[in-house]
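> Take a look at the following structure, please.
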Amino acid sequence: MKNEVDEILYDLKCHEKVNEMKKYIQHGNITTYEHCESVAKISYKINHGLKLDADDRILLTGAMLHDFYLYDWHKDDNKEHKWHGFIHADRALCNAVKYFDVDEDVQRIIWCHMFPLNLTRIPKSREAWIVCIADKYVSLIETIFRRK
């Protein structure tokens with residue numbers, strides 16, 4: 001598993017903008033980079049463990065970029081941060097399109113990963129559902145068990 005995940009994500013994980021996610025905290029003491037990496041690994045495990053036959057390249061790229069918004073949402077210096085849960089998918093999507101040649105399948109994963117908080121953004125692909133579920137699982141673990 002590790003070799004295939006690392007191979008698919010190699011270029012992304014070497015990119016300077018993706019590494020910028022290491023500067024921002026996601027949940028507890030977990031950086032946004034670590035969070036996205038965990039979501040990618042769990043997504044891969046779900047896909048292969050349940051034999052769902054999702055496309056690994058689309059799945060892992062979407063998972064690694066789903067929170068590619070590049071700001072600290074915990075700071076009160078921006079009034080929009082209180083709406084982070086509703087707006088960060090759009091920011092992540094804009095950044096993914098700006099810095100990478102992401103196809104529509106990957107874009108849809110990023111755009112709808114906050115379902116059901118964003119009720120109208122229902123995942124419509126196998127890959128999007130997997131990332132959405134993996135994100136909720138990883139977020140729960142990070143929030144409950146890895147607080148500062």
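The values are calculated or read from the model by the stated rules, or taken from the named source; none is laboratory data. For clarity, every value in this text was computed on a predicted model and none was experimentally measured. Cβ sites come from the backbone with ideal geometry, for glycine too, and all protein chains shown count toward neighbours. For the accessible areas, the whole protein counts, side chains as well, though only heavy atoms, and no ligand, DNA or RNA atoms are used. Shrake-Rupley method; radii C 1.70, N 1.55, O 1.52, S 1.80 Å.
> With the Cα gyration tensor of the chain giving a ≥ b ≥ c as the square roots of its eigenvalues, does the rule (a/c under 1.5 for rounded; else a/b larger than b/c for prolate; else oblate) give rounded, prolate or oblate? Can you show the working numbers first?
Working: a/c = 1.35, a/b = 1.32, b/c = 1.02.
Judged from the Cα gyration tensor, the chain comes out rounded (a/c under 1.5).
> Output the peptides 35-41, 104-110 sorted from most to least packed, where packing is the average of other Cβ atoms within 10 Å over each peptide's residues. Let's see the in-between values first.
On the way: 35-41: 23.3, 104-110: 21.6.
Packing order, densest peptide first, comes out as 35-41, 104-110.
> With every protein chain present, what is the per residue accessible area of the chain (1.4 Å probe, Å²)?
56
> Also, quick follow-up: Quick one, could you list the DSSP H helices from the chain stretching 27 Å or more along their long axis (Cα atoms) with average Kyte-Doolittle hydropathy of 0.5 or above?
On the way: long enough: 126-145 (28 Å, 0.82).
TM-like helix candidates: 126-145.
> Considering only Cα-Cα distances, which of the following residue pairs are longer than 26 Å: LYS45/LYS98; LYS13/LYS136; LYS51/LYS136; LYS23/LYS51; LYS17/LYS51? Show your work: numbers first, answer last.
Numbers: LYS45/LYS98 29 Å; LYS13/LYS136 22 Å; LYS51/LYS136 20 Å; LYS23/LYS51 35 Å; LYS17/LYS51 33 Å.
Beyond 26 Å: LYS45/LYS98; LYS23/LYS51; LYS17/LYS51.
> What residues have an amide H closer than 5 Å to that of GLN26, excluding those fewer than 5 places away on the same chain, when H is modeled at 1.01 Å from N in the peptide plane?
For GLN26, the qualifying residues are THR31, THR32.
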